[in-house]
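The values are calculated or read from the model by the stated rules, or taken from the named source; none is laboratory data. Everything numeric here is computed off the predicted structure, so don't read it as measured data. A quick note on method: Cβ atoms are made from the backbone with ideal geometry, for glycine too, and the neighbour counts reach across all protein chains shown. Heads up: the accessible areas ignore ligands, DNA and RNA and are worked out on the full protein's heavy atoms, side chains in. Shrake-Rupley method; radii C 1.70, N 1.55, O 1.52, S 1.80 Å.
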Amino acid sequence: MASVSALADNFDFGKCQSMFANGQAPILKQSTTLRPRALCFSGFAVLHSGVRHTPVFVVQRLNRARIEAARDNERTNRFYEEARLPSKDRAELEDYAHSGYDRGHMAPAADMAGPEAMAQSFSLANMVPQAPVNNRKTWAALEKANRKYVLRASGDVFVITAPVYNQKPHTIGPNQVWVPDALFKLVYDANTKRAWAYWLGNTDTAEMSKPISYAELVKKTGVQWLPGVKIVG
């Protein structure tokens, strides 16, 4: 079964701890094998793996005001290599060139409420290799539907997006960037205390199925994504 690999639980998100529901990052199993590094951005936070050269997870704190502010924000499309990561740990633009995969955003550019956040969303630390049709149609439709939900919500909505890998992942580029087997997006409405997740295979033929419960996501991944949070239903 595909699973989210274990990693060290001593990472520090410092000034962007408020991105997380209840101020707590996910509880991840102890491991030093993935070289995890916490990165804070204006509109999201990333736990990055220096072994995978991709995010372990990306978290956002969204609300109606942020989504409305993002509506007229011009998309930059200026992808860049993340200089805060050691050169041996980061993905590079050439890794994706002619790979057959898109640079798939985990925190969507269209969620970004300002020029700085928009520009930062194109960091390769926020990307995974994603099947093109999957990225541009199926996944994009999910992101759009999530924004519509946030606009209807009565407060903050916390979103965790993450890639999932099988035991022998395919890689791309000179840096051997891992290609996910699947992706998921966990949504937690802080007002209603409800949480659900969408799970999508990383292929061009994958179709979005009905959302799964938080309990099912925890079972599938082995990770407590919302520690200290009481889930209703």
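So between Glu116 and Arg152, what do we pick up on full extension, going 0.36 nm a residue minus the alpha carbon distance?
On the way: separation 36, 0.36 × 36 = 12.96 nm, distance 2.54 nm.
10.4 nm is the gain from fully extending Glu116 to Arg152.
Most fluctuating residue of Asp12, Asp102, Asp156 in a GNM of the chain with Cα springs under 10 Å: which is it?
Sorting by GNM fluctuation, first place goes to Asp12.
Separation of the range 157-221 and the range 98-126 by C-alpha centroid, Å?
Here the answer is 17 Å between Cα centres.
Give me the 1.4 Å probe accessible area per residue for the range 83-233, excluding ligands and nucleic acids, in Å². Mind dumping the intermediate values first?
Numbers: 6710 Å² over 151 residues.
Using a 1.4 Å probe on heavy atoms only, each residue of the range 83-233 averages 44 Å².
Note down the magnitude of the dipole of the range 98-228 about its Cα centre, charges +1 on Lys and Arg C-beta and -1 on Asp and Glu C-beta and zero elsewhere, to the nearest 20 debye. Please report the intermediate quantities before stating the final value.
On the way: 14 positive and 10 negative charges, 64 e Å.
Computed charge dipole of the range 98-228: roughly 300 debye.
Report the label-to-label distance for Ala215 and Glu68 in nanometres (one decimal), using points 7 Å from each Cα along the Cα→Cβ vector.
3.7
Below 8 Å, C-alpha to C-alpha, sequence gap of six or more: please give me the relative contact order for the chain in percent. Walk me through the numbers on the way to the answer.
Numbers: 515 pairs, mean separation 52.6, N = 233.
Computed over the chain, the figure is 23 percent.
Per residue of the range 51-59, in order, report the coupling 6.51 cos²θ - 1.76 cosθ + 1.60 (Karplus, θ = phi - 60°) as ³J(HN,Hα) in whole Hz, putting x for Gly and Pro.
Those phi angles translate into 7, 6, 6, 9, x, 7, 7, 10, 10 Hz.
Averaging sequence separations of C-alpha pairs under 8 Å and six or more residues apart, then dividing by the length of the range 192-233, give the relative contact order as a whole percent. Mind dumping the intermediate values first?
Numbers: 36 pairs, mean separation 18.9, N = 42.
Relative contact order here is 45 percent.
So for the range 61-143, Kirkwood radius off the Cα pairs, Stokes-Einstein at 37 °C and 0.692 mPa s: how many µm² s⁻¹?
Numbers: Rh = 13.6 Å.
Translational D for this selection: 242 µm²/s.
Could you state the orientation-averaged shadow area of the convex hull built on the Cα atoms of the chain, in nm² to one decimal? Write down the numbers at each step before the final one.
Values: hull surface 46.3 nm².
With the hull built on Cα positions only, its mean projection is 11.6 nm².
Answer rounded, prolate or oblate for the range 159-233, using the Cα gyration tensor with square roots of eigenvalues a ≥ b ≥ c: rounded when a/c is under 1.5, else prolate when a/b is larger than b/c, else oblate. Could the numbers behind the result be given before it?
Details: a/c = 2.65, a/b = 1.97, b/c = 1.35.
It comes out prolate by the Cα gyration axes.
Ranked highest first by average number of other Cβ atoms within 10 Å, how do 171-179, 68-76, 212-220 line up? Each step should come with its number before you reach the end.
Numbers: 171-179: 17.9, 68-76: 12.6, 212-220: 15.8.
Ranked by mean Cβ neighbours within 10 Å, highest first: 171-179, 212-220, 68-76.
Which residue, Arg152, Arg136, Arg103, tops the fluctuation ranking in a GNM of the chain built on C-alpha contacts under 10 Å?
Highest fluctuation of the listed residues: Arg152.
Given a 1.4 Å probe and every protein chain left where it sits, what share in percent of the accessible area of the range 105-198 is carbon and sulfur? Intermediate results must be reported in sequence, preceding the final value.
Values: 1670 of 3420 Å².
On the range 105-198, the fraction of accessible area on carbon and sulfur atoms equals 49 percent.
Say the cut-off is 22 Å between C-alpha atoms; which of Lys29/Lys219; Lys168/Lys210; Lys168/Lys220 go over it?
Those over the limit are Lys168/Lys210.
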